[in-house]
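Colleague: Sharing a structure here in structure tokens format.
The values are calculated or read from the model by the stated rules, or taken from the named source; none is laboratory data. Keep in mind that this is a model prediction, so the values were computed, not measured. When we count neighbours, we look across all protein chains shown, and the Cβ atoms used for this are built from the backbone with ideal geometry, even at glycine. SASA here: full protein model, heavy atoms, side chains in, ligands and nucleic acids out. Shrake-Rupley method; radii C 1.70, N 1.55, O 1.52, S 1.80 Å.
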Amino acid sequence: MNDVLPEEIGRWQRVESAYARTMSLHGYREVRTPYVEPTGLFVRAIGEATDVVEKEMYSFRHHDEDLTMRPEGTAGAARAYIEHGVQAKEPTTRWWYGGPMFRAERPQRGRYRQFSQLGAEIFGDAGPGCDAEMIDMLVGFLGDLRVPGVQVLVNSLGGPNTRTLYRDALVKHLTPKLASLSAESQRRLQTNPLRILDSKGEADQEAVRDAPTLHDFLDAEDHAHFDGLRRHLDALGTPYTVEPRLVRGLDYYTRTLFEIKGAHDKLGAGSTLVGGGRYDGMVADLGGPQVPAIGYAAGLERLLIASEIEVAPNVVDALVAPLGAAAVGIALGIARSLRRSSIRCEVDTRGTSLKSQLRRANALGARVVLILGDQELGDKTVQVKDLDAHSQETLPIEQALRVVVDRLVAASRSVDSRPPHASKERT
Ligand code: AMP
């Protein structure tokens, strides 16, 4: 679990606001669900024989309730969707969410025990048009974040029937090779054989190399759905690779499944930025109506590692720099006036040299420094030093306030109107 210190928060906020903007452009509304849910919800939604449920959940018993810190966001969203009868109110629902998730995994770079996901769900649209749009939206979002080497992998898992048929075929294929499988995969052959396809072990990979693929078991409708997805992605010009062995760790997926990778050199080739897919059966399995759904989650910490966006520090817009104790009172008044005009400012009350105050102004990302020395104190003036324009002028205090406010308001407008991919932004 990590602390996010103020010097890092600018990049977090930059990614979060780009995400909120992307979602709003696509008609999604934000939903916030609790961090804790009944354990049974995750067991039913995610599947008993998954890594997450078997060994990664932070679960506890409180009085006579079994509770779990949410390991992902889809189960809670589906629960809320059912509980609030949303289907009866709107034919399709687009929700996005962001926030911490908890999994007791082995920590390593890009893998934490408390991590943040940015996710979304669409309820009530069976696709494949919305599936393609979702993938294309994510590719655009990663482009806004300047993530290099984005790669989309897609697959179709078919319906529940396909899964059963394929599972049987896979077990039949692997049973004669049982002795060569890793201990984990031997166990999974009984509980969740599809997960063996995901195994990184060499012997396991060898054993599945010539195994049948899911695609051999898709029915006509599944094929039509998957063809539709590819056609739409082709029409959008969104590059993707069909990966027939892509399965992913959560049990609930049906038909469309996708992963998006990127920034291989920073994250390693195996590290996924976004994972998602369709889960047409989950809402009904949880006791709700039969509603098709699709969703995904992106790991925010991984996005931050992958993104090449830099955010310049910008704690305040202006620093007021009194030189000597006598100027502090006037400086505090100037700062108060500026704040009334929505200018963020700080007064350096430490009584240090101008040089050290200018260093502080730079560290805070201030654009303007208002300097008050003995001369200015006597003349009721102030020096306005513009660090961006490299200019300096001495003005009567009232006039200086007007000039600073005008200049900073104009500057903030030009920052706000910059496109989201502008490289160096102030937060
Ligand atoms: P999942 O919910 O397992 O499909 O994961 C979706 C995305 O969440 C992954 O692609 C990662 O980017 C991120 N993620 C999952 N688990 C972790 C973790 N333990 N630490 C950091 N990010 C994670």
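Colleague: Show the residue pairs that are 6+ apart or on different chains and have beta-carbon atoms under 7 Å apart, the first residue being within segment 306-334 and without any contact (Cβ under 8 Å) to a residue 60 or more places away in the chain, the second being assigned to a loop (DSSP other than H, G, I, E, B) and open to solvent by 80 Å² or more (accessible area, probe 1.4 Å).
Modeller: That search, which allows pairs on different chains as well, returns VAL316/ARG344; VAL328/THR349.
Colleague: Are there helices (runs of 4 or more DSSP H) fully within segment 192-292 with at least 1 residues that are among the β-branched types (Val, Ile, Thr) and in contact with a Phe, Trp or Tyr (Cβ under 7 Å, 6 or more places away or on another chain)? List them. Write out each step before concluding.
Modeller: On the way: elements: 202-208, 220-236, 264-267, 282-285.
Correct list: 282-285.
Colleague: I'd like to check something: does segment 170-181 contain any residue that is outside any strand (DSSP E or B), in contact with a helix residue (DSSP H, G or I) (Cβ under 9 Å, 6 or more places away or on another chain) and within 16 Å of the ligand (Cβ to nearest atom)? So that I can check it myself, show each step before the final result.
Modeller: Narrowing segment 170-181 to residues outside any strand (DSSP E or B): 170-181.
Subsequent filtering for residues that are in contact with a helix residue (DSSP H, G or I) (Cβ under 9 Å, 6 or more places away or on another chain) retains 170-171, 173-175, 177-181.
If we keep only those that are within 16 Å of the ligand (Cβ to nearest atom) too, we end up with none.
No, the conditions are met nowhere in segment 170-181.
Colleague: Can you pull out every residue in segment 296-314 that is polar (S, T, N, Q) and within 13 Å of the ligand (Cβ to nearest atom)? Can you show your working first?
Modeller: We begin by selecting, within segment 296-314, every residue polar (S, T, N, Q); these are 307, 314.
Hit for segment 296-314 is SER307, nothing else.
Colleague: Right, next: Quick check on my filter: what residues within segment 71-99 are part of a loop (DSSP other than H, G, I, E, B) and either open to solvent by less than 30 Å² (accessible area, probe 1.4 Å) or small (Gly, Ala, Ser) (or both)? Quick ask: steps written out before the conclusion?
Modeller: If we filter segment 71-99 for residues that are part of a loop (DSSP other than H, G, I, E, B), which is where we start, we get 71-73, 84-85, 90-92.
Result: PRO71, GLU72, GLY73, GLY85.
Colleague: Kindly indicate whether any position in segment 215-230 is modelled with pLDDT under 95, surrounded by 14 or more Cβ atoms within 10 Å (Cβ to Cβ), out of contact with any Lys or Arg (no Cβ under 6 Å at 6 or more places or on another chain) and of a type in the set (A, V, I, L, M, F, W, C).
Modeller: Within segment 215-230, one or more residues are modelled with pLDDT under 95, surrounded by 14 or more Cβ atoms within 10 Å (Cβ to Cβ), out of contact with any Lys or Arg (no Cβ under 6 Å at 6 or more places or on another chain) and of a type in the set (A, V, I, L, M, F, W, C).
Colleague: Against the conditions (1) open to solvent by 30 Å² or more (accessible area, probe 1.4 Å); (2) over 22 Å from the mean Cα position of the chain (by Cα); (3) more than 16 Å from the ligand (Cβ to nearest atom); (4) touching a residue at least 12 places away in the same chain (Cβ under 8 Å), where does ASP234 fall short? Just the number, please.
Modeller: Only one criterion in (1) open to solvent by 30 Å² or more (accessible area, probe 1.4 Å); (2) over 22 Å from the mean Cα position of the chain (by Cα); (3) more than 16 Å from the ligand (Cβ to nearest atom); (4) touching a residue at least 12 places away in the same chain (Cβ under 8 Å) is unmet by ASP234, namely (4).
Colleague: Still on this structure: Starting from residues that are more than 11 Å from the ligand (Cβ to nearest atom), within 28 Å of ARG109 (Cα to Cα) and open to solvent by less than 10 Å² (accessible area, probe 1.4 Å), keep the ones in segment 247-280 and report whichever is modelled with the highest pLDDT. Show your work before the answer.
Modeller: Looking only at segment 247-280, we keep the residues that are more than 11 Å from the ligand (Cβ to nearest atom), and these are 247, 251, 254-256, 263-266, 268-269, 278-280.
Those still in the list that are within 28 Å of ARG109 (Cα to Cα) too: 247, 251, 263-266, 268-269.
Restricting the remaining residues to those that are open to solvent by less than 10 Å² (accessible area, probe 1.4 Å) gives 247, 263.
Values: VAL247: 81, ALA263: 94.
In this case the residue turns out to be ALA263.
Colleague: Let me ask something else. Being open to solvent by 30 Å² or more (accessible area, probe 1.4 Å), of a type in the set (D, E, K, R) and not in a loop (DSSP other than H, G, I, E, B) is the filter here; which residues of segment 293-321 pass it?
Modeller: ARG302, GLU310
Colleague: Every residue in segment 16-41 that is under 22 Å from GLU83 (Cβ atoms), in contact with a helix residue (DSSP H, G or I) (Cβ under 8 Å, 6 or more places away or on another chain) and among the β-branched types (Val, Ile, Thr), please.
Modeller: Matches in segment 16-41: VAL31, THR33.
Colleague: Which ones in segment 100-130 are away from the ligand (no atom under 12 Å from the Cβ), over 17 Å from MET282 (Cα atoms) and not in a loop (DSSP other than H, G, I, E, B)?
Modeller: Hits for segment 100-130 are GLY129, CYS130.
Colleague: Got a sec? Which of THR68, THR22, THR33 is of a type in the set (Ser, Thr, Tyr), open to solvent by less than 50 Å² (accessible area, probe 1.4 Å), part of a loop (DSSP other than H, G, I, E, B) and closer than 18 Å to GLY119 by Cβ? Can you show your working first?
Modeller: Details: THR68 fails: part of a loop (DSSP other than H, G, I, E, B); THR22 fails: part of a loop (DSSP other than H, G, I, E, B).
Step by step, each of THR68, THR22, THR33 is checked, and only THR33 is of a type in the set (Ser, Thr, Tyr), open to solvent by less than 50 Å² (accessible area, probe 1.4 Å), part of a loop (DSSP other than H, G, I, E, B) and closer than 18 Å to GLY119 by Cβ.
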